[in-house]
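Okay, so here's the structure we're looking at.
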Amino acid sequence: QQQVKQSPQSLIVQKGGISIINCAYENTAFDYFPWYQQFPGKGPALLIAIRPDVSEKKEGRFTISFNKSAKQFSLHIMDSQPGDSATYFCAASSKRDDKIIFGKGTRLHILP
Amino acid sequence: KAGVTQTPRYLIKTRGQQVTLSCSPISGHRSVSWYQQTPGQGLQFLFEYFSETQRNKGNFPGRFSGRQFSNSRSEMNVSTLELGDSALYLCASSGREGYGYTFGSGTRLTVV
């Protein structure tokens, strides 16, 4: 019940296309859903996050869509660029449990 | 505001040796978590410290240990190193448990 399932494991998208990464969770106590972006040789960096009281959050080309009833959330990268090539991790955390659970990551490659 | 600092950045050790890694969190952050990252395994949670107390622990053998000092700086120690311990070790600090994790750039440990 503590798992966060992330898919796909890897993704190749043409420059200018839309990249979509999906995550699903079981624990209904989760109340914060961040996405992290990691470039080679660097630690993950917080990209965007959402709380379950909203269904969508947009920051520039990055959008999180959240479906509370389905217990799913996804990251959409619009107009994907080669510089977006990185590994993306979704995560979920709960103030009650004081834990953050990460998905296994998606390696995204944007073709120039 | 300085970020999370991990030292050293790179380390090469021989099987059977022990190693100590250091993490200085963002000023004011009291929670420090450690993760092991290997190709294909995502972020594996090691342990979390808060106010010098280990609050959560992952499923790693007792060879992996850690501690946190009164200034919130943390160290992790791995004894009797094995080849499989080769990984990127990441430290993350949080000012509020489970929210807004900030990662360091990691320590790349190679065991030969």
- Message: Between region A:43-111 and region B:16-76, how far is it from one alpha carbon centroid to the other, in angstrom?
- Response: 24
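Let me have the relative contact order for region B:9-112, percent, based on Cα pairs under 8 Å that are six or more residues apart.
Details: 248 pairs, mean separation 38.6, N = 104.
Taking the mean separation of contacting Cα pairs over the length of region B:9-112, I get 37 percent.
Counting pairs of alpha carbon atoms under 8 Å apart in space and at least six apart in sequence, what relative contact order in percent does chain A give?
Numbers: 284 pairs, mean separation 41.7, N = 112.
Result for chain A is 37 percent.
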- Item | Cleavage-rule hits, trypsin sites (Lys or Arg not before Pro), region A:46-103, DSSP coil, Cβ neighbours within 10 Å at most 14 | A:Arg61, A:Lys68, A:Lys95, A:Arg96
- Note on the structure: For B:Arg9, the accessible surface traced by a 1.4 Å probe with all protein chains present amounts, in square angstrom to the nearest 10, to 90
- Message: Placing +1 on the Cβ of each Lys and Arg and -1 on the Cβ of each Asp and Glu in region A:17-107, which of A:Phe89, A:Val54, A:Ile20 has its Cα farthest towards the positive end of the resulting dipole?
- Response: A:Phe89
- Can you give me the relative contact order of region B:1-45 as a percent, contacts being Cα pairs under 8 Å and 6 or more apart? 34
- Task: Could you list the GluC sites (Glu not before Pro) in region A:26-112 that lie in coil according to DSSP, counting only those with at most 15 other Cβ atoms within 10 Å of their Cβ?
- Result: A:Glu26
- About its Cα centre, region B:12-76 carries a charge dipole, from +1 on Lys and Arg Cβ atoms and -1 on Asp and Glu Cβ atoms, whose size in debye to the nearest 20 is 160
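Placing unit charges on C-beta atoms (Lys and Arg positive, Asp and Glu negative, everything else neutral), compute the dipole magnitude of region B:49-92 about its Cα centre in debye, rounded to 20. Write out the running numbers ahead of the final one.
Values: 5 positive and 4 negative charges, 33 e Å.
Magnitude of the dipole: close to 160 debye.
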- Neighbouring partner chain Cβ atoms per residue of A:28-40, average, 10 Å criterion: 2
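Checking the table A:Lys95/B:Lys57; A:Lys5/A:Lys42; A:Lys42/A:Lys95 against a 19 Å threshold on Cα-Cα, which pairs fail?
A:Lys5/A:Lys42; A:Lys42/A:Lys95
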- Once you put a point 7 Å from the Cα of A:His109 and another 7 Å from the Cα of B:Thr80, both along the Cβ direction, what distance in nm separates them? 4.0
- Dipole moment magnitude, nearest 20 debye, the protein assembly as shown about Cα centre, only Lys, Arg, Asp, Glu C-beta charged: 180
- Note on the structure: Computed ³J(HN,Hα) along region B:39-46: with the Karplus parameters 6.51/-1.76/1.60, θ = phi - 60°, integer Hz and x for glycine or proline, the list is x, x, 10, x, 9, 9, 6, 9
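At most 15 other C-beta atoms within 10 Å and a DSSP loop state: those are the exposed GluC sites (Glu not before Pro) I care about. Give me the longest piece of chain B that has none. Kindly include the intermediate steps, with their values, before the conclusion.
Values: sites that count: B:Glu52, B:Glu82.
Answer - B:1-51.
Do any chymotrypsin sites (Phe, Trp or Tyr not before Pro) in region B:3-95 lie in a loop, going by DSSP, with at most 13 other beta-carbon atoms within 10 Å of their beta carbon, and if so which?
Numbers: sites: B:Tyr10, B:Trp34, B:Tyr35, B:Phe45, B:Phe47, B:Tyr49, B:Phe50, B:Phe64, B:Phe69, B:Tyr89; in loops: B:Phe69.
Passing both the DSSP loop test and the Cβ count: B:Phe69.
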- Message: Taking the solvent-accessible surface of protein heavy atoms with a 1.4 Å probe, what is the per residue accessible area of region B:6-112 in Å²?
- Response: 44
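The values are calculated or read from the model by the stated rules, or taken from the named source; none is laboratory data. Everything numeric here is computed off the predicted structure, so don't read it as measured data. Neighbour counts run over all protein chains shown; Cβ positions are idealised from the backbone, glycine included. Each accessible area value is taken on the protein alone, full model and side chains, heavy atoms only, with ligands, DNA and RNA left out. Shrake-Rupley method; radii C 1.70, N 1.55, O 1.52, S 1.80 Å.
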